[in-house]
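The values are calculated or read from the model by the stated rules, or taken from the named source; none is laboratory data. Note that this is a predicted model, so its numbers are computed, not measured. Neighbour counts are summed over all protein chains in view; Cβ atoms, including those assigned to glycine, are modelled from backbone coordinates with ideal geometry.
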Amino acid sequence: MEQPLTKHIVPGKSLSLKEYEQTGGYAAVRKAVKNASPQDVQQIVKDSGLKGRGGAGFSTGMKWSFVPMDDSARHPKYLICNADEMEPGTFKDRLLLEGNPHQLIEGMILAAYAIKADISYVFLRWAYRKAATLMQKSIEEAYAAGYLGKNILGTGWNLEMHLHTGVGRYICGEETALLNALEGKRATPRSKPPFPQVSGLYGKPTIVNNVETLCCLPHIINNGAVWFKGLSVSEDSGTKLYGVSGKVKRPGVWELPLGTTMREIIEDHAGGMVDGYKLKGVLPGGASTDFLTEEHLDIKMDYISVAAAGSRLGTGTMIVMDDATCPVGFVHNLQHFFAQESCGWCTPCREGLPWVERILLGLEKGSGSNEDIDLLLMHTQYLGPGNTYCALAPGAMEPLQSALKYFKEDFIKHIEKHECPYTG
Amino acid sequence: MHETKYITGKKQADHLKEMDIIREHIAHNAPLSEKEKHEIDHEVSLVPFKKAAVIEALKIVQKYRRWVSDESVEAVAQYLEMSAAEVDSVATFYNLIYRKPVGKHVILLCDSISCYVMGYGKIYQALQKQLNVQFGQTTKDNVFTLLPNVCLGCCDHAPAMMIDEDLYEDVKEDQLLEILKKYSQ
């Protein structure tokens, strides 16, 4: 089994420039900038079938293809790495940022080359202090080695790279909100169109890609699209960093072929449930994905299969809910998070999420009624896709609507008993 | 095309190190110091127009003053040629810009889903008991401010918290006393 993104990562250590080069690092940049055109790089990435690993799962090559490439394109163009990993239950990018920062820098250089970018940013969340230090050091090493700056590897192409650390707020991970944050504004999402590819940071063409997505690029350039497709065990290409948290024996993160089953990840890699606990539900890819249950354990964890089962692969980091954890309390925790992190820009999200949170708190405390369930169901419609600027509220509704579907009995019990049956 | 200046490696490393260790204190209502101005100027040099550096400016001010007072908002606004309301709208948006005084050390306890499942509630209870504060409050001796924080991105080691720049994973109630002691001196 190949693990291109993580095979050189040793827990607790970080690869220096020299160590990274010894593993074949920066060969892809040399190959691309000297022997391939930006269009060639775009084509190979498109052919590889790489999909964005940040949660949305959009084709990376396709995303890039909307950037104006002719001579009339406005400059500077920007390439931004979204390292604002803040989806609850998600801890995969941290491994890549801390373990092999140069792999990310190389991926960013390749993406920047593919869209002829002039300036790049790593948008890193504040809490990743170790990653901040390591990324800063690595960016400096890359400048000193001539992979960044003016006239990269003698080709005449210039690329600047900056590290930007945020000051909190989940919404900064939404790509247009991230752009506003980088411009020094409140991180409210922007209305689309125009899309960032045409009018992004400071109104210039911009691409925002996730850390893991960018880390795939050196390997695709080195080994080709066909190789990348062959890494998976499904129709989707490549490997995926899968994570498991909750009451499992060995919580952690592993790079596995895309399409590995949920059962294999939870039972083999995470060691199954802690003794005495049973699996009740799983959020397959972070807080804003629909619940799946035990009956779904054999589905393949890829974009297509998880969607077919009624959820989303999201970030691929699973949160396991055990049978001793109250589903109403669990969903209340999620909605508290989403209500708090709503940027307040559009009404359904700003007003609806706190309402949902209050209803759930009432249910959890035993003061709920049957009408509350109808109200919650109504919200899953009103806050669903198409009513808001960004995906925060629709994402928040995913675990709620599926909890109402799979754990309805638990909601009813709270109403009938006037208390939480898990703590009461 | 705006000019982006690259500072040399050494300088940047020094700057980052400084960010981490600086505890030199400037009064919350003092005018911007030369040092603060110098650092804000540097950030302004990296962006196409002054206003775009406002978040960085607020970070710099907070680094020296621990929090951002009304006077600091006013000072930053004047320096960057913005209205105070505009600066404040940014300052109040981001949860890690503190618009109220905080203690010498800030405890960020993760209250998101994986830590919820793994029992952050017990850690919160223990912290409340030991420090005699709730979320959003500062201890009487001004040493600790306790704040909830969203997912810290180490869910395989839940429950987790940060104190200043230090991350604590797999936190157990009986370790808290010892952890807090390190910061109490």
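Please pick out the residue among A:G146, A:G55 that is assigned to a loop (DSSP other than H, G, I, E, B) and modelled with pLDDT under 95. Steps first, please.
Details: A:G146 fails: modelled with pLDDT under 95.
It is A:G55.
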Any chance you could count how many residues in the stretch A:169-203 are surrounded by fewer than 22 Cβ atoms within 10 Å (Cβ to Cβ), part of a loop (DSSP other than H, G, I, E, B) and either at the interface with chain B (Cβ under 9 Å from one of its Cβ atoms) or within 15 Å of the chain's Cα centre (by Cα) (or both)?
4
Go through the stretch A:319-391 and tell me which helices (runs of 4 or more DSSP H), entirely inside it, have 3 or more residues that are more than 14 Å from chain B (Cβ to nearest Cβ).
A:347-365, A:370-382
Of (1) buried (at least 22 other Cβ atoms within 10 Å of the Cβ); (2) farther than 25 Å from A:Q3 by Cβ, A:A270 fails just (2)
Based on this model, can you work out whether A:K229 counts as at pLDDT 95 or above and outside any loop (DSSP other than H, G, I, E, B)?
yes
Among the residues of the stretch B:41-78 satisfying the criterion of being over 16 Å from B:V90 (Cα atoms) and aliphatic (A, V, I, L, M), which is farthest from the other protein chains (Cβ to nearest Cβ)?
B:V44
Within the stretch A:17-52, which residues are part of a loop (DSSP other than H, G, I, E, B), crowded, with 20+ Cβ neighbours inside 10 Å and touching a Pro at 6+ places or on another chain (Cβ under 9 Å)?
A:G25, A:Y26
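Being part of a helix (DSSP H, G or I) and more than 14 Å from chain B (Cβ to nearest Cβ) is the filter; apply it to the stretch A:248-267 and report the residue that is surrounded by the most Cβ atoms within 10 Å (Cβ to Cβ). Can you show your working first?
We begin by selecting, within the stretch A:248-267, every residue part of a helix (DSSP H, G or I); these are A:262-267.
Going one step further and asking which of them are more than 14 Å from chain B (Cβ to nearest Cβ), we end up with A:262-264, A:267.
Values: A:M262: 24, A:R263: 15, A:E264: 16, A:E267: 17.
Out of the qualifying residues, it is A:M262.
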Please work out which residue is surrounded by the most Cβ atoms within 10 Å (Cβ to Cβ), limiting yourself to the stretch A:329-357 and to residues that are small (G, A, S) and out of contact with any Leu (no Cβ under 8 Å at 6 or more places or on another chain).
A:G329
Condition met for A:V320 (free of Cβ contacts under 8 Å to residues at least 60 places away in the same chain, of a type outside the set (S, T, N, Q) and either in the same structural domain as A:G168 (by TED's automatic domain parsing) or surrounded by 24 or more Cβ atoms within 10 Å (Cβ to Cβ) (or both)):
no
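Run down B:Y116, B:Y98, B:Y168, B:Y120 and say which single residue is within 9 Å of chain A (Cβ to nearest Cβ) and either touching a His at 6+ places or on another chain (Cβ under 7 Å) or of a type in the set (S, T, Y) (or both).
Values: B:Y98 fails: within 9 Å of chain A (Cβ to nearest Cβ); B:Y168 fails: within 9 Å of chain A (Cβ to nearest Cβ); B:Y120 fails: within 9 Å of chain A (Cβ to nearest Cβ).
Every option except B:Y116 fails the conditions.
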Which of the residues that make up the stretch A:115-138 are in a loop (DSSP other than H, G, I, E, B) and either out of contact with any strand residue (DSSP E or B) (no Cβ under 8 Å at 6 or more places or on another chain) or under 29 Å from A:V67 (Cα atoms) (or both)?
A:I115, A:K116, A:A117, A:D118, A:R125
Would you mind telling me which numbered condition in (1) more than 8 Å from every other protein chain (Cβ to nearest Cβ); (2) of a type in the set (D, E, K, R); (3) crowded, with 23+ Cβ neighbours inside 10 Å A:R125 fails?
(1)
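Would you mind finding the one in B:A91, B:A126, B:A85 that is farther than 25 Å from B:G153 by Cα and not charged (D, E, K, R)? Walk me through it before giving the result.
On the way: B:A91 fails: farther than 25 Å from B:G153 by Cα; B:A126 fails: farther than 25 Å from B:G153 by Cα.
Residue meeting the stated conditions: B:A85.
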Given (1) more than 14 Å from chain A (Cβ to nearest Cβ); (2) within 26 Å of A:L334 (Cα to Cα); (3) assigned to a loop (DSSP other than H, G, I, E, B), B:K140 misses just (2)
Which members of the stretch A:139-161 meet the condition of being surrounded by fewer than 24 Cβ atoms within 10 Å (Cβ to Cβ) and more than 21 Å from A:W64 (Cβ to Cβ)?
A:E140, A:E141, A:Y143, A:A144, A:A145, A:G146, A:G149, A:K150, A:N151, A:L153, A:G154, A:G156
Restricting to the stretch A:84-114, what's the tally of residues that are within 26 Å of B:E56 (Cβ to Cβ), touching a strand residue (DSSP E or B) at 6+ places or on another chain (Cβ under 9 Å) and not in a helix (DSSP H, G or I)?
3
Across (1) within 13 Å of another protein chain (Cβ to nearest Cβ); (2) surrounded by fewer than 23 Cβ atoms within 10 Å (Cβ to Cβ); (3) in a loop (DSSP other than H, G, I, E, B), A:H164 clears everything bar (3)
Considering each residue of the stretch A:71-85, count those that are facing another protein chain (nearest Cβ under 9 Å) and surrounded by 24 or more Cβ atoms within 10 Å (Cβ to Cβ), and give that number.
1
On the given criteria, is A:S245 away from chain B (no Cβ under 14 Å), in contact with a Gly (Cβ under 7 Å, 6 or more places away or on another chain) and at pLDDT 95 or above?
no
